[in-house]
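Below is one structure, written out as structure tokens, with a few remarks after it.
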Amino acid sequence: MPLRNAGKGLVRYFREVSLPYPEAGIRLIRPDRLDEVNRQMEAFRSDLGDAVYHLARAYAHLKALARERLGTLYNEGDYPPALSGLFGISWEFPSVEAPDYLQQLNPEVYHQECERVEQRFSEAVQLAEQAFTEELAKLISHLTERLSGTENGERKVFRDGVVDNLTEFFDRFRQLNIGSNEQLDGLVSDARRIVRGVRPQALRDDTNLRQHVATEMSRVQSVLDGLLINQPRRNILRRPR
């Protein structure tokens, strides 16, 4: 597997199974998916190792090609002498809760830490809602543009992936949504209902169906646009202590 493809696949997977958190390098994962995520990350690490191994075997040849192509511009110092240790994947599962030992050592500091964590989760909920809203708005905008628009006087090409991407979003939203925004939940349900059972080929063949789906999705889009401007009050569900 090429290094670039390995990296893209890892990033895409990690974003699909996690939610953003307002600290760099940290994302939130459901506890019941930890084993699954750990196994998949191990698989990505193995794939990366294989890719580095094959790159290392071809490294001398690639440098020779670069030397021939660049001529006097070639600089041996631009290339590391070996690839060992230059590529790697690491991860851990840190706790973002206030440590329990603080409750015994210093209740006041423990309370401050609880408030800090609570604020972080409030921000995380906002980030998750915003990300879901923006992604759904983008997908619906693309769908309606494909259904309603024309190009050079002809109806625009409508590919299966336009509907498939929405279906994938619905599945991911169902798995990761924490139920903090009833309005967003309702809009996702509306969008799912509009395209439920609708096959891409039917949208290509049936003009009335195209118009119906485009009109209904435009209605959802207009509400989504309002959500992006006016974020609703958060309903954060936390585990009781």
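Restricting A66, A24 to residues that are small (G, A, S) and more than 26 Å from E123 (Cα to Cα) narrows the list to A66.
State which residue is farthest from D47 (Cα to Cα) when the search covers only the stretch 75-106 and only residues that are in a helix (DSSP H, G or I) and of a type in the set (S, T, N, Q). Walk me through it before giving the result.
Filtering the stretch 75-106 for residues in a helix (DSSP H, G or I) gives 76-78, 101-105.
Checking which are of a type in the set (S, T, N, Q) leaves us with 103-104.
Working: Q103: 44, Q104: 45 Å.
Among those that are in a helix (DSSP H, G or I) and of a type in the set (S, T, N, Q), it is Q104.
Being of a type outside the set (F, W, Y), surrounded by fewer than 13 Cβ atoms within 10 Å (Cβ to Cβ), in the same structural domain as F121 (by TED's automatic domain parsing) and more than 24 Å from Y13 (Cα to Cα) is true for just one of G179, G186. Which residue is that? Going through G179, G186 in turn, the sole match is G186. Against the condition modelled with pLDDT of 95 or more and either within 30 Å of Y53 (Cα to Cα) or surrounded by 10 or more Cβ atoms within 10 Å (Cβ to Cβ) (or both), how does N75 come out, does it pass? So N75 passes the test. Does N75 qualify as being farther than 30 Å from E97 by Cβ and among the polar types (S, T, N, Q)? It is true that N75 is farther than 30 Å from E97 by Cβ and among the polar types (S, T, N, Q). Condition (residue is within 30 Å of T167 (Cα to Cα) and either among the polar types (S, T, N, Q) or in contact (Cβ under 8 Å) with a residue 12 or more places away in the chain (or both)) applied to the stretch 91-113: is it met by at least one residue? Within the stretch 91-113, one or more residues are within 30 Å of T167 (Cα to Cα) and either among the polar types (S, T, N, Q) or in contact (Cβ under 8 Å) with a residue 12 or more places away in the chain (or both).
Is at least one residue of the stretch 108-117 over 23 Å from P22 (Cβ atoms) and exposed (fewer than 13 other Cβ atoms within 10 Å of the Cβ)?
Checking the stretch 108-117: at least one residue is over 23 Å from P22 (Cβ atoms) and exposed (fewer than 13 other Cβ atoms within 10 Å of the Cβ).
Considering only residues in the stretch 8-45 that are part of a helix (DSSP H, G or I) and polar (S, T, N, Q), the one that is farthest from the chain's Cα centre (by Cα) turns out to be N38. Against the list (1) in contact (Cβ under 8 Å) with a residue 40 or more places away in the chain; (2) farther than 25 Å from L166 by Cβ, the condition P20 fails is (2).
Of all the criteria given as (1) without any contact (Cβ under 8 Å) to a residue 12 or more places away in the chain; (2) in a helix (DSSP H, G or I), the one not satisfied by L48 is (1).
Which residues, counting only those in the stretch 18-49, are touching a strand residue (DSSP E or B) at 6+ places or on another chain (Cβ under 7 Å) and of a type outside the set (S, T, Y)? Across the stretch 18-49, the qualifying residues are L19, P20, R27, L28.
Quick grid of which residues meet (1) within 28 Å of L19 (Cβ to Cβ); (2) modelled with pLDDT of 95 or more:
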position: R155; (1), (2): no, no
position: V163; (1), (2): yes, no
position: F170; (1), (2): yes, yes
position: A191; (1), (2): yes, yes
position: R199; (1), (2): no, no
position: D205; (1), (2): no, no
position: N208; (1), (2): no, no
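Determine if the stretch 57-74 includes at least one residue that is more than 19 Å from the chain's Cα centre (by Cα) and either in the same structural domain as F169 (by TED's automatic domain parsing) or outside any helix (DSSP H, G or I) (or both). Yes, the stretch 57-74 contains at least one residue that is more than 19 Å from the chain's Cα centre (by Cα) and either in the same structural domain as F169 (by TED's automatic domain parsing) or outside any helix (DSSP H, G or I) (or both).
The values are calculated or read from the model by the stated rules, or taken from the named source; none is laboratory data. A quick note: this is a predicted structure, and the numbers were derived from the prediction, not measured. FYI the Cβ positions are ideal-geometry reconstructions off the backbone, even for glycines, and counts take in every protein chain you see.
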